[in-house]
Amino acid sequence: MLLTEMQRVTAQPLGEAEALPFASYRNPELLGLEQREIFERDWVFVCTEADLRERGDYQALVIADEPVVVLRGKDGKLRALSNVCRHRGAVMLRGGGNAKRIVCPFHAWTYEDTGALRGVPHCGEVAVDKDTHGLRRFRVDSLFGLVFVSLNEDAPPLEARFRGLAKYFSRRRIDTFHHAGEIEHHEWKANWKLPMENFVEGYHFFAVHPETVESAARTRDCFYVEGHAEWSITGGSQLDEPSSIKDWLLGRASEVEYLSICLPPNFVCNLYEDYMTWARVLPTGPTTCEIATGYCMREPHEASEQLKEFNARIFEEDREICERVQHGVSSRTAKGGQLVELERAVVDFHQYLGSRLFGEGSKGVFRTEHAGRFEGLTARVGAESGESPA
(Lines give C-alpha, C1' and ligand atoms only; values in the text may rest on other atoms or scores of the structure.)
Protein backbone atom coordinates (compact mmCIF):
# COMPACT_ATOMS: atom_id res chain seq x y z
CA MET A 1 0.00 0.00 0.00
CA LEU A 2 2.76 2.49 0.94
CA LEU A 3 4.80 1.74 -2.20
CA THR A 4 1.72 2.10 -4.37
CA GLU A 5 0.97 5.48 -2.84
CA MET A 6 4.62 6.54 -3.12
CA GLN A 7 4.67 5.62 -6.79
CA ARG A 8 1.52 7.63 -7.42
CA VAL A 9 2.72 10.74 -5.58
CA THR A 10 6.27 10.77 -6.96
CA ALA A 11 4.88 10.74 -10.52
CA GLN A 12 2.82 13.90 -10.03
CA PRO A 13 3.73 17.17 -11.81
CA LEU A 14 3.49 20.54 -10.10
CA GLY A 15 -0.15 21.59 -9.98
CA GLU A 16 -1.17 18.09 -8.95
CA ALA A 17 1.74 17.29 -6.63
CA GLU A 18 1.11 16.38 -3.01
CA ALA A 19 3.30 15.81 0.01
CA LEU A 20 4.74 12.32 0.33
CA PRO A 21 2.75 9.81 2.38
CA PHE A 22 3.60 10.42 6.01
CA ALA A 23 4.49 6.74 6.50
CA SER A 24 7.34 7.17 4.00
CA TYR A 25 9.22 9.15 6.65
CA ARG A 26 9.22 6.34 9.21
CA ASN A 27 8.92 2.99 7.39
CA PRO A 28 11.94 0.65 7.81
CA GLU A 29 11.13 -1.39 4.69
CA LEU A 30 11.02 1.73 2.54
CA LEU A 31 14.35 2.88 3.95
CA GLY A 32 15.84 -0.49 3.01
CA LEU A 33 14.57 -0.04 -0.53
CA GLU A 34 16.01 3.51 -0.66
CA GLN A 35 19.37 2.25 0.55
CA ARG A 36 19.47 -0.48 -2.11
CA GLU A 37 18.07 1.43 -5.08
CA ILE A 38 19.40 4.92 -4.36
CA PHE A 39 22.43 5.03 -2.07
CA GLU A 40 23.99 1.77 -3.27
CA ARG A 41 23.50 2.66 -6.94
CA ASP A 42 23.84 6.41 -7.48
CA TRP A 43 26.68 8.90 -6.99
CA VAL A 44 26.74 10.12 -3.37
CA PHE A 45 28.29 13.45 -2.37
CA VAL A 46 31.15 13.34 0.14
CA CYS A 47 32.78 16.78 0.44
CA THR A 48 34.57 19.40 -1.67
CA GLU A 49 38.07 19.07 -3.06
CA ALA A 50 39.02 21.95 -0.78
CA ASP A 51 38.25 19.63 2.16
CA LEU A 52 40.79 17.13 0.76
CA ARG A 53 43.39 19.64 -0.30
CA GLU A 54 46.50 18.15 1.33
CA ARG A 55 47.99 14.70 0.81
CA GLY A 56 46.69 12.47 3.58
CA ASP A 57 43.45 14.42 4.08
CA TYR A 58 40.46 12.12 4.49
CA GLN A 59 36.73 12.07 5.13
CA ALA A 60 34.99 9.00 6.52
CA LEU A 61 31.28 8.35 6.04
CA VAL A 62 28.74 5.52 5.88
CA ILE A 63 26.81 4.96 2.65
CA ALA A 64 24.00 2.40 2.78
CA ASP A 65 25.60 0.78 5.86
CA GLU A 66 28.95 0.61 4.05
CA PRO A 67 31.79 2.40 5.89
CA VAL A 68 33.84 4.30 3.31
CA VAL A 69 36.84 6.60 3.55
CA VAL A 70 37.74 9.08 0.80
CA LEU A 71 41.30 10.39 0.88
CA ARG A 72 43.94 12.30 -1.00
CA GLY A 73 46.84 9.91 -1.58
CA LYS A 74 50.53 10.65 -1.38
CA ASP A 75 50.47 10.79 -5.17
CA GLY A 76 47.79 13.50 -5.07
CA LYS A 77 45.01 11.24 -6.37
CA LEU A 78 41.59 10.82 -4.79
CA ARG A 79 40.67 7.32 -3.64
CA ALA A 80 37.63 5.76 -2.00
CA LEU A 81 38.33 2.71 0.11
CA SER A 82 36.46 0.38 2.40
CA ASN A 83 36.88 1.67 5.95
CA VAL A 84 36.55 -1.82 7.45
CA CYS A 85 39.65 -3.69 8.58
CA ARG A 86 40.19 -6.96 6.68
CA HIS A 87 41.15 -8.68 9.92
CA ARG A 88 38.07 -8.67 12.18
CA GLY A 89 35.94 -5.90 10.81
CA ALA A 90 36.65 -2.82 12.92
CA VAL A 91 35.81 0.58 11.45
CA MET A 92 39.13 2.37 11.23
CA LEU A 93 38.84 6.11 10.53
CA ARG A 94 36.12 8.45 11.78
CA GLY A 95 35.12 11.97 10.80
CA GLY A 96 37.85 13.83 8.96
CA GLY A 97 41.53 14.54 9.39
CA ASN A 98 44.93 13.73 7.95
CA ALA A 99 46.62 10.34 8.04
CA LYS A 100 49.58 9.02 6.09
CA ARG A 101 48.44 5.44 6.68
CA ILE A 102 45.25 3.75 7.84
CA VAL A 103 45.72 1.95 11.14
CA CYS A 104 43.07 -0.31 12.64
CA PRO A 105 42.36 0.61 16.29
CA PHE A 106 41.73 -3.05 17.22
CA HIS A 107 44.98 -4.88 16.36
CA ALA A 108 46.89 -2.17 14.47
CA TRP A 109 46.80 -3.78 11.06
CA THR A 110 48.12 -1.00 8.84
CA TYR A 111 47.17 -0.08 5.27
CA GLU A 112 48.68 2.22 2.68
CA ASP A 113 46.56 5.00 1.20
CA THR A 114 46.16 2.73 -1.84
CA GLY A 115 44.37 0.16 0.33
CA ALA A 116 47.30 -2.27 0.29
CA LEU A 117 47.99 -4.08 3.58
CA ARG A 118 51.36 -2.97 4.88
CA GLY A 119 51.82 -4.32 8.38
CA VAL A 120 50.47 -7.12 10.63
CA PRO A 121 52.03 -6.88 14.11
CA HIS A 122 52.56 -9.88 16.41
CA CYS A 123 51.35 -12.47 13.90
CA GLY A 124 53.66 -15.20 15.22
CA GLU A 125 54.19 -18.13 12.88
CA VAL A 126 51.11 -17.32 10.82
CA ALA A 127 51.95 -15.74 7.45
CA VAL A 128 49.15 -13.37 6.47
CA ASP A 129 48.90 -13.01 2.69
CA LYS A 130 49.05 -9.25 2.28
CA ASP A 131 48.13 -9.41 -1.39
CA THR A 132 44.70 -10.86 -0.59
CA HIS A 133 43.99 -8.65 2.43
CA GLY A 134 43.86 -5.21 0.85
CA LEU A 135 40.94 -2.83 1.26
CA ARG A 136 38.21 -2.81 -1.36
CA ARG A 137 38.14 0.23 -3.65
CA PHE A 138 35.06 2.13 -4.75
CA ARG A 139 34.51 4.56 -7.61
CA VAL A 140 35.34 8.16 -6.80
CA ASP A 141 35.24 11.23 -9.02
CA SER A 142 34.96 14.99 -8.73
CA LEU A 143 33.03 17.55 -10.73
CA PHE A 144 33.07 21.33 -10.22
CA GLY A 145 35.29 20.74 -7.16
CA LEU A 146 32.69 18.42 -5.59
CA VAL A 147 33.72 14.87 -4.62
CA PHE A 148 31.35 11.93 -5.13
CA VAL A 149 31.53 8.19 -4.46
CA SER A 150 29.52 5.38 -6.01
CA LEU A 151 29.30 1.85 -4.64
CA ASN A 152 27.90 0.81 -8.02
CA GLU A 153 30.48 -0.25 -10.59
CA ASP A 154 27.85 0.19 -13.32
CA ALA A 155 26.74 3.72 -12.42
CA PRO A 156 26.93 6.16 -15.36
CA PRO A 157 29.95 8.48 -15.39
CA LEU A 158 29.63 11.35 -12.94
CA GLU A 159 29.82 13.96 -15.70
CA ALA A 160 26.94 12.29 -17.55
CA ARG A 161 24.89 12.04 -14.36
CA PHE A 162 24.99 15.82 -13.84
CA ARG A 163 25.14 16.95 -17.46
CA GLY A 164 23.81 20.45 -18.04
CA LEU A 165 25.05 21.96 -14.76
CA ALA A 166 28.37 23.42 -15.91
CA LYS A 167 26.84 26.75 -16.89
CA TYR A 168 25.76 27.35 -13.28
CA PHE A 169 28.98 26.32 -11.57
CA SER A 170 31.25 27.96 -14.15
CA ARG A 171 29.95 31.48 -13.60
CA ARG A 172 31.06 31.37 -9.98
CA ARG A 173 34.33 29.57 -10.81
CA ILE A 174 33.73 27.12 -8.00
CA ASP A 175 36.96 25.30 -8.88
CA THR A 176 38.82 28.31 -7.42
CA PHE A 177 37.19 27.91 -3.96
CA HIS A 178 40.29 26.44 -2.31
CA HIS A 179 39.80 27.53 1.31
CA ALA A 180 37.50 25.27 3.31
CA GLY A 181 35.96 25.65 6.74
CA GLU A 182 35.78 22.79 9.22
CA ILE A 183 33.15 20.16 8.39
CA GLU A 184 30.61 19.73 11.17
CA HIS A 185 28.55 16.60 11.77
CA HIS A 186 25.11 16.47 13.35
CA GLU A 187 22.61 13.71 14.07
CA TRP A 188 19.05 14.83 13.34
CA LYS A 189 15.97 13.03 14.57
CA ALA A 190 14.35 13.17 11.15
CA ASN A 191 14.05 10.92 8.13
CA TRP A 192 16.66 11.86 5.52
CA LYS A 193 14.04 13.06 3.03
CA LEU A 194 12.82 15.83 5.35
CA PRO A 195 16.07 17.87 5.38
CA MET A 196 16.48 17.32 1.63
CA GLU A 197 12.99 18.71 1.02
CA ASN A 198 13.62 21.54 3.46
CA PHE A 199 16.97 22.54 1.96
CA VAL A 200 15.72 22.79 -1.63
CA GLU A 201 12.87 25.28 -1.15
CA GLY A 202 12.67 28.89 0.00
CA TYR A 203 9.00 28.75 0.91
CA HIS A 204 9.86 28.34 4.61
CA PHE A 205 12.36 31.22 4.90
CA PHE A 206 9.96 33.82 6.25
CA ALA A 207 8.53 31.45 8.88
CA VAL A 208 11.56 29.40 9.95
CA HIS A 209 14.41 31.90 9.38
CA PRO A 210 12.87 35.38 9.91
CA GLU A 211 16.06 36.93 11.32
CA THR A 212 18.65 34.95 9.37
CA VAL A 213 17.96 33.79 5.81
CA GLU A 214 14.91 36.01 5.27
CA SER A 215 17.00 39.12 5.94
CA ALA A 216 19.20 38.29 2.93
CA ALA A 217 17.10 36.11 0.64
CA ARG A 218 13.43 36.87 1.11
CA THR A 219 10.80 34.26 0.41
CA ARG A 220 8.98 36.63 -1.92
CA ASP A 221 12.14 37.01 -4.03
CA CYS A 222 12.86 33.29 -4.41
CA PHE A 223 12.61 31.86 -7.91
CA TYR A 224 13.00 28.60 -9.78
CA VAL A 225 15.71 28.52 -12.44
CA GLU A 226 15.88 25.11 -14.09
CA GLY A 227 15.62 21.48 -13.14
CA HIS A 228 14.11 18.04 -13.41
CA ALA A 229 14.30 14.73 -11.56
CA GLU A 230 18.12 14.61 -11.78
CA TRP A 231 18.93 18.06 -10.31
CA SER A 232 17.36 21.42 -9.50
CA ILE A 233 18.50 25.03 -9.49
CA THR A 234 16.66 27.76 -7.58
CA GLY A 235 17.76 31.25 -6.61
CA GLY A 236 17.07 34.31 -4.52
CA SER A 237 17.00 38.07 -4.78
CA GLN A 238 19.65 39.59 -6.99
CA LEU A 239 21.28 43.01 -6.97
CA ASP A 240 22.54 44.79 -10.07
CA GLU A 241 25.94 44.98 -8.36
CA PRO A 242 26.16 41.77 -6.29
CA SER A 243 27.75 42.19 -2.88
CA SER A 244 30.15 39.72 -1.38
CA ILE A 245 29.11 37.78 1.70
CA LYS A 246 31.83 39.63 3.59
CA ASP A 247 30.16 42.97 2.90
CA TRP A 248 26.77 41.66 3.90
CA LEU A 249 27.93 40.01 7.13
CA LEU A 250 29.88 43.12 8.13
CA GLY A 251 26.84 45.33 7.61
CA ARG A 252 27.95 46.99 4.38
CA ALA A 253 25.21 45.51 2.19
CA SER A 254 21.67 44.27 2.71
CA GLU A 255 21.38 41.46 0.16
CA VAL A 256 23.50 38.89 -1.67
CA GLU A 257 22.91 36.97 -4.85
CA TYR A 258 22.79 33.21 -4.50
CA LEU A 259 21.89 30.02 -6.30
CA SER A 260 20.62 26.97 -4.45
CA ILE A 261 21.62 23.73 -6.15
CA CYS A 262 20.28 20.27 -5.35
CA LEU A 263 22.06 17.16 -6.65
CA PRO A 264 20.08 14.15 -5.39
CA PRO A 265 20.25 12.03 -3.47
CA ASN A 266 22.17 13.90 -0.78
CA PHE A 267 23.80 17.21 -1.79
CA VAL A 268 22.54 20.77 -1.58
CA CYS A 269 24.49 24.01 -1.64
CA ASN A 270 24.03 27.75 -1.64
CA LEU A 271 26.43 29.28 -4.13
CA TYR A 272 27.47 32.94 -3.89
CA GLU A 273 29.95 35.08 -5.80
CA ASP A 274 32.92 34.22 -3.60
CA TYR A 275 31.90 31.30 -1.39
CA MET A 276 29.64 28.27 -1.04
CA THR A 277 27.91 26.59 1.88
CA TRP A 278 26.87 22.96 1.52
CA ALA A 279 25.09 20.15 3.30
CA ARG A 280 25.41 16.37 2.95
CA VAL A 281 22.50 14.19 4.07
CA LEU A 282 22.78 10.46 4.80
CA PRO A 283 20.17 8.20 6.41
CA THR A 284 21.14 6.45 9.64
CA GLY A 285 17.72 4.95 10.39
CA PRO A 286 14.04 5.31 9.44
CA THR A 287 13.67 8.44 11.57
CA THR A 288 17.28 9.66 11.88
CA CYS A 289 19.95 11.02 9.58
CA GLU A 290 23.44 12.48 9.68
CA ILE A 291 23.92 16.01 8.39
CA ALA A 292 27.41 17.16 7.50
CA THR A 293 27.83 20.86 6.73
CA GLY A 294 30.74 22.83 5.40
CA TYR A 295 31.76 25.83 3.36
CA CYS A 296 34.54 26.87 1.02
CA MET A 297 35.61 30.21 -0.41
CA ARG A 298 37.92 31.71 -2.96
CA GLU A 299 40.06 33.53 -0.41
CA PRO A 300 39.98 33.58 3.39
CA HIS A 301 38.59 36.85 4.69
CA GLU A 302 37.68 38.69 7.83
CA ALA A 303 34.07 37.49 7.87
CA SER A 304 34.81 33.74 8.03
CA GLU A 305 33.96 33.45 11.73
CA GLN A 306 30.75 35.43 11.24
CA LEU A 307 29.90 33.13 8.33
CA LYS A 308 30.42 30.03 10.50
CA GLU A 309 28.23 31.41 13.27
CA PHE A 310 25.57 32.55 10.81
CA ASN A 311 25.39 29.14 9.14
CA ALA A 312 25.22 27.40 12.51
CA ARG A 313 22.14 29.46 13.41
CA ILE A 314 20.47 28.58 10.11
CA PHE A 315 21.10 24.85 10.39
CA GLU A 316 19.89 24.81 13.99
CA GLU A 317 16.65 26.43 12.85
CA ASP A 318 16.38 23.83 10.08
CA ARG A 319 17.01 21.00 12.53
CA GLU A 320 14.28 22.21 14.85
CA ILE A 321 11.67 22.42 12.11
CA CYS A 322 12.61 19.08 10.52
CA GLU A 323 12.39 17.30 13.87
CA ARG A 324 9.07 19.01 14.50
CA VAL A 325 7.79 17.76 11.14
CA GLN A 326 9.09 14.27 11.93
CA HIS A 327 6.96 14.32 15.06
CA GLY A 328 3.97 15.37 12.96
CA VAL A 329 4.36 12.68 10.31
CA SER A 330 4.24 10.03 13.04
CA SER A 331 0.48 10.60 12.93
CA ARG A 332 -1.48 7.56 11.73
CA THR A 333 -4.50 9.58 10.61
CA ALA A 334 -3.19 12.88 9.22
CA LYS A 335 -2.04 13.25 5.61
CA GLY A 336 -0.23 15.89 3.60
CA GLY A 337 -1.68 18.32 1.09
CA GLN A 338 -0.91 20.02 -2.19
CA LEU A 339 2.49 21.55 -2.92
CA VAL A 340 2.74 25.13 -4.18
CA GLU A 341 4.80 26.96 -6.80
CA LEU A 342 7.71 27.69 -4.45
CA GLU A 343 8.03 23.93 -3.86
CA ARG A 344 8.75 23.03 -7.48
CA ALA A 345 12.22 21.79 -6.47
CA VAL A 346 10.56 19.51 -3.90
CA VAL A 347 8.52 18.06 -6.76
CA ASP A 348 11.78 17.48 -8.67
CA PHE A 349 13.19 15.62 -5.66
CA HIS A 350 10.04 13.48 -5.40
CA GLN A 351 10.34 12.63 -9.09
CA TYR A 352 13.95 11.63 -8.48
CA LEU A 353 12.70 9.20 -5.82
CA GLY A 354 10.15 7.84 -8.28
CA SER A 355 12.75 7.39 -10.99
CA ARG A 356 15.04 5.36 -8.73
CA LEU A 357 12.47 3.40 -6.73
CA PHE A 358 9.91 2.67 -9.44
CA GLY A 359 11.68 3.28 -12.75
CA GLU A 360 9.50 6.24 -13.62
CA GLY A 361 10.65 8.02 -16.77
CA SER A 362 12.00 11.56 -16.78
CA LYS A 363 9.36 14.31 -16.90
CA GLY A 364 11.74 16.55 -18.86
CA VAL A 365 13.49 19.77 -17.91
CA PHE A 366 11.48 22.73 -16.65
CA ARG A 367 13.26 25.96 -17.43
CA THR A 368 12.33 29.53 -16.51
CA GLU A 369 13.41 32.92 -17.83
CA HIS A 370 15.89 33.18 -14.96
CA ALA A 371 18.07 30.46 -16.53
CA GLY A 372 19.30 32.82 -19.24
CA ARG A 373 21.03 35.04 -16.68
CA PHE A 374 23.53 32.29 -15.91
CA GLU A 375 24.49 31.06 -19.37
CA GLY A 376 27.05 31.75 -22.09
CA LEU A 377 29.82 32.99 -19.81
CA THR A 378 32.68 30.65 -20.77
CA ALA A 379 33.64 28.57 -23.76
CA ARG A 380 32.69 25.40 -21.93
CA VAL A 381 29.32 26.85 -21.00
CA GLY A 382 28.63 27.86 -24.55
CA ALA A 383 29.30 24.32 -25.70
CA GLU A 384 26.81 22.94 -23.22
CA SER A 385 24.10 25.59 -23.30
CA GLY A 386 21.89 23.52 -25.59
CA GLU A 387 22.72 20.19 -24.05
CA SER A 388 19.89 18.05 -22.74
CA PRO A 389 20.19 16.16 -19.47
CA ALA A 390 21.28 12.56 -19.46
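The values are calculated or read from the model by the stated rules, or taken from the named source; none is laboratory data. All values derive from a computational prediction rather than experimental measurement. For neighbour counting, all protein chains shown are included, and Cβ atoms are generated from backbone atoms with ideal geometry for every residue, glycine included. For accessibility, only protein heavy atoms count, side chains too; no ligands or nucleic acids. Shrake-Rupley method; radii C 1.70, N 1.55, O 1.52, S 1.80 Å.
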Over region 1-150, with neighbouring protein chains present, the accessible area per residue in Å² at probe 1.4 Å is 46 Å²
Taking the chain and counting helices only, DSSP H stretches of n ≥ 4 at -39,500 (n - 2.57) each over all residues, the nearest-500 ellipticity at 222 nm comes to -6500 deg cm²/dmol
Heavy-atom accessible area of region 29-171 with neighbours in place, 1.4 angstrom probe: carbon+sulfur share in percent works out to 45 percent
Here, C123 and R324, labelled 7 Å along Cα→Cβ, have an inter-label distance in nm of 5.7 nm
Over 18 Å (Cα to Cα) among K74/K100; K335/K363; K74/K130 -> K335/K363; K74/K130
Stretched fully, the stretch from D175 through K130 gains (0.36 nm per residue minus C-alpha distance, one decimal, in nm) 12.4 nm
Label model pair D154, V365: point-to-point distance (7 angstrom along the Cα→beta-carbon line) in nm is 2.8 nm
Result for the chain, cysteines with no Cys Cβ partner under 4.7 Å, is C47, C123, C222, C262, C269, C289, C296, C322
Here the residues of region 185-207 lying in the modelled label zone of S331, meaning backbone nitrogen under 16 Å from a point 7 Å along Cα-to-Cβ, are none
Once normalised by the length of the chain, the mean sequence separation of its alpha carbon contacts under 8 Å that are 6 or more apart gives a contact order in percent of 22 percent
For T288 the rounded accessible area (nearest 10 Å², probe 1.4 Å, non-protein molecules ignored) is 40 Å²
Longest principal axis of the chain (C-alpha) makes with the long axis of helix 344-358 (C-alpha) an angle, in degrees to the nearest 10, of 40 degrees
Counting only protein heavy atoms and rolling a 1.4 Å probe, one gets per residue an accessible area for region 273-381 in Å² of 47 Å²
